[in-house]
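The values are calculated or read from the model by the stated rules, or taken from the named source; none is laboratory data. Computed from a predicted structure; not experimentally measured. Backbone-built Cβ (ideal geometry, glycine too); neighbour counts: all protein chains shown. SASA here: full protein model, heavy atoms, side chains in, ligands and nucleic acids out. Shrake-Rupley method; radii C 1.70, N 1.55, O 1.52, S 1.80 Å.
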Amino acid sequence: MNSNTDLKAQLIADFKDAEGKMNGEAKSPIHLVRQQALQTFDQLGFPTIKHEEWKYSNVKNLVSQSFAFNAPSDFSAADVEQMAIPNLDGNILYFINGVYNESLSTIVSPTDEVVILPLAEAIKSHADVIEKYFNQYADSADNAFTAVNTAFAKNGVFIYVPEKKVVEQPIILRFIADARETNVAAQPRNLIIAGKRAEVKVAEAFRSFGENVSFTNAVTEVYVAEEANVHYYKVQNETDQSYNIGTTAVYQEGRSVFTANTVTANGGFVRNNLNIKIDGEYAEANMFGLYIPNGKQHVDNHTAVDHAKPNSNSNELYKGILKDKSTGVFNGKIYVRQDAQKTNAFQSCKNVLISNDATMNTKPQLEIWADDVKCSHGTTTGQLNDDALFYMQARGISKDSARALLMLAFAQEVIDKMEIPAIKEYLEGLIVEKIYQA
């Protein structure tokens with residue numbers, strides 16, 4: 001499976017083969033969207049480093065390989081035990097190589113509080129809602145990975161929270177890539193809708209295992225109605241043979257709150273796109289991120305916040321700890337439209353390099369067309385504070401422990417934003433383990 005190939009040609013052929021087996025579904029409104037997305041993908045092709053948005057993230061090695069999409073797996077309850085997050089309660093859904101596994105999943109919230117369905121089932125049972133929101137927020141026109149995900153949109157989850165409902169238990173989506181037998185790939189597509197004054201916590205957790213290559217191309221669309229509150233978490237802990245490219249596209253109405261926390265503990269090649277449009281007054285968006293690559297791992301975070309209406313706030317803090325020959329990218333954009341007066345937008349990216357061979361590329365951007373705003377952005381990249389290290393060593397703390405403690409304190413500011421206690425504790429353990437390896 002590792003011989004050079006044309007992944008684009010494989011995907012187009014796979015689409016045509018699947019389309020020929022659809023019968024009447026090929027004429028459905030959703031499938032017409034898929035067809036248009038495939039045409040867009042065919043026109044765009046995969047990006048190269050000549051594309052400004054992919055200047056520091058080369059996908060050449062990815063697109064020269066072949067993959068078994070949605071490959072069968074014998075992933076079992078015993079494997080679940082080995083990958084379990086201790087003390088985690090809630091709605092836990094497993095997707096193995098992209099395919100929903102009902103037998104391993106647990107849904108505990110009542111249906112009058114939240115609707116949780118596999119996307120393929122929701123397309124049939126909630127067609128009117130799907131057609132209204134599907135592909136409205138993720139940009140298929142300019143992003144080849146989003147376009148091809150849209151073309152194959154079938155596997156994933158549909159989450160709908162009715163007006164004024166508070167989902168008491170978190171919804172955990174566990175995406176497992178089983179690459180023990182061959183190169184595997186999945187393209188999960190998730191649609192989350194929070195009605196007026198609704199509240200929900202959703203986490204996406206990505207894991208991979210096996211000696212072969214895994215590729216996950218995920219797209220999540222989130223609609224946050226007036227006065228709704230959505231907490232969204234993404235946790236990535238994959239192998240060095242993994243490629244994870246994900247786009248989260250969010251649309252906010254007035255007085256809503258959306259909070260995202262993205263933590264990348266491990267992954268060979270990771271690209272996270274987080275795009276938020278604030279299209280209502282007095283709305284708030286919060287974005288927190290932490291990445292700790294080592295070896296030759298590559299982590300790229302691209303964020304964009306579009307303030308379209310006045311009196312809205314956005315707060316962004318990303319932190320990176322880079323070791324060995326790892327590389328990191330942060331590209332953060334803030335747009336403030338002409339009508340978006342009295343906008344407050346703050347962006348910060350802070351990085352620590354604990355190796356002379358590690359590299360961090362940062363590009364904060366502000367585009368402001370309004371004149372009554374408070375906006376700031378900044379980025380710093382440096383090494384650990386020598387004075388702090390000396391101070392701790394002078395008090396009997398070993399150099400390695402002092403370094404680890406300083407790095408943990410640096411990361412803790414982001415981890416503390418996590419509001420699902422079991423995941424927070426799990427991440428703290430992962431981070432401590434990785435930091436002490438430094």
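Using a cut-off of 13 Å between beta-carbons, work out the net charge of the residues near Val329 (Lys and Arg +1, Asp and Glu -1, Val329 not included). Please report the intermediate quantities before stating the final value.
Numbers: positive: Lys55, Arg271, Lys363; negative: Glu52, Glu53, Asp300.
With Lys, Arg at +1 and Asp, Glu at -1, the neighbours total 0.
Please report Rg over Rh for region 188-285, where both radii come from the alpha carbon positions and Rh follows the Kirkwood definition.
Values: Rg = 14.8 Å, Rh = 14.0 Å.
My calculation of the ratio gives 1.05.
Spelling out what I want: for every residue of region 84-101, take phi, set θ = phi - 60°, compute 6.51 cos²θ - 1.76 cosθ + 1.60 (Karplus), and round to whole Hz; glycine and proline get x.
3J(HN,Hα) across region 84-101, in whole Hz: 5, 8, x, 6, 8, 10, x, 8, 10, 10, 9, 10, 9, 6, x, 9, 5, 10.
Would you mind calculating the relative contact order of the chain from Cα pairs under 8 angstrom and at least 6 residues apart, reporting the percent as a whole number? Can you show the working numbers first?
Numbers: 1109 pairs, mean separation 42.6, N = 438.
Reported as a whole number, the value is 10 percent.
Sort largest first and round to whole Å: the equivalent ellipsoid semi-axes of region 307-381, each the square root of five times a Cα gyration tensor eigenvalue.
Working: eigenvalues 196, 18, 12 Å².
Semi-axes, largest first: 31, 10, 8 Å.
What does DSSP give for the chain in terms of the percent of beta bridges that are antiparallel, rounded to the nearest 5? Kindly include the intermediate steps, with their values, before the conclusion.
On the way: 8 of 142 bridges.
Around 5 percent of the beta bridges assigned by DSSP in the chain are antiparallel ones.
Compute the length gained on full extension between Ser28 and Thr182: take 0.36 nm times their separation in residues and subtract their Cα-Cα distance, giving the result in nm to one decimal.
Details: separation 154, 0.36 × 154 = 55.44 nm, distance 3.37 nm.
Length gained, Ser28 through Thr182: 52.1 nm.
How many nm is it between the label spots at Gln365 and Glu121, if each spot is 7 Å from the Cα in line with the beta carbon?
Output for this residue pair reads 4.1 nm.
Note down, for region 241-291, the three equivalent ellipsoid semi-axes (square root of 5 times each alpha carbon gyration tensor eigenvalue), biggest first, whole angstrom.
In descending order, the three semi-axes are 27, 11, 5 Å.
To the nearest 10 square angstrom, how much accessible area does Leu366 have with a 1.4 angstrom probe?
Counting only protein heavy atoms, Leu366 exposes about 60 Å² to solvent.
Where both partners of a DSSP beta bridge lie in region 57-216, what percent of those bridges are antiparallel, to the nearest 5?
Details: 8 of 32 bridges.
Within region 57-216, antiparallel bridges account for around 25 percent of the total.
Given the Cα-Cα distance of Ala68 and Asp139 and 0.36 nm per residue of separation, how much length would full extension add, in nm?
The Ala68-Asp139 span can extend by a further 23.0 nm.
Can you pull the percent of Cα pairs in the chain with separation above 41 Å? Write out the running numbers ahead of the final one.
Numbers: 12244 of 95703 pairs.
Here the tail beyond 41 Å accounts for 13 percent of pairs.
Can you list the residues, at least 5 places off or on another chain, whose amide H is less than 5 Å from the amide H of Lys350, using H built in the peptide plane?
Tyr318, Lys319, Gly320, Thr380
Check which residues have an amide H placed less than 5 Å from Glu204's amide H, if you skip close sequence neighbours.
Hits under the 5 Å cutoff: Leu173, Tyr233, Lys234, Val235.
Which residue fluctuates the most in the chain, going by a Gaussian network model with Cα springs under 10 Å, if the choices are Asp139, Asp306, Asp79?
Taking springs between Cα atoms under 10 Å, the residue moving most is Asp79.
Give the Debye-formula value of log10 I(q)/I(0) at each listed q (0.10 Å⁻¹), with one equal scatterer per alpha carbon of region 46-182, two decimals each.
So the normalised log intensities are -0.46.
Over all alpha-carbon pairs of region 282-438, lay out the pair-distance distribution in 5 Å bins, whole %, shortest bin first.
2, 9, 17, 17, 17, 14, 11, 7, 5, 2, 1, 0
What does region 137-221 give for Rg and for Dmax, in Å, if only its C-alpha atoms count?
That works out to 15.2, 46 Å for Rg and Dmax.
Taking a threshold of 25 Å on the Cα-Cα distance, which of the pairs Lys55/Lys319; Lys50/Lys319; Lys124/Lys417; Lys21/Lys234; Lys55/Lys350 fall above it?
Values: Lys55/Lys319 21 Å; Lys50/Lys319 27 Å; Lys124/Lys417 37 Å; Lys21/Lys234 34 Å; Lys55/Lys350 21 Å.
As for pairs spanning more than 25 Å Cα to Cα, those are Lys50/Lys319; Lys124/Lys417; Lys21/Lys234.
Given a cut-off of under 8 Å on Cα pairs at least six residues apart, what relative contact order in percent is computed for region 302-404?
Working: 217 pairs, mean separation 28.8, N = 103.
Reported relative contact order: 28 percent.
Defining a contact as two alpha carbons under 8 Å apart and six or more residues distant in sequence, what relative contact order in percent does region 216-373 show? Each step should come with its number before you reach the end.
Numbers: 494 pairs, mean separation 28.6, N = 158.
For region 216-373, the relative contact order is 18 percent.
Using a Förster radius of 25 Å, what is the FRET efficiency between Asp386 and Lys296 based on their Cβ-Cβ separation? Nearest 0.05, please.
Numbers: r = 27 Å, r/R0 = 1.09.
Between Asp386 and Lys296 the formula returns 0.35.
If Asp279, Asp142, Asp14 are ordered by their accessible area, calculated over protein heavy atoms with a 1.4 Å probe, which sequence runs from highest to lowest?
Numbers: Asp279 30, Asp142 125, Asp14 60 Å².
Order by accessible area, largest first: Asp142, Asp14, Asp279.
Can you list the HN-Hα couplings for region 39-44, worked out from phi with the Karplus curve (6.51, -1.76, 1.60; θ = phi - 60°), rounded to whole Hz and with x for Gly and Pro?
Calculated HN-Hα couplings, in order: 4, 4, 4, 4, 6, 6 Hz.
Please list, ordered by chain and number, the residues whose modelled amide H lies under 5 Å from the amide H of Phe69; skip anything fewer than 5 residues away on the same chain.
Ala185
Can you run phi through the Karplus equation (6.51, -1.76, 1.60; θ = phi - 60°) for region 322-333 and list ³J(HN,Hα) in whole Hz, with x for Gly and Pro?
Result, rounded to whole Hz: 10, 10, 6, 9, 6, 10, x, 9, 10, 10, x, 10.
I'm checking a number: the convex hull volume of the Cα atoms of region 378-418, normalised per residue, in Å³. What is it?
Values: hull volume 3.3 nm³, N = 41.
In region 378-418, the Cα hull volume divided by residue count equals 82 Å³.
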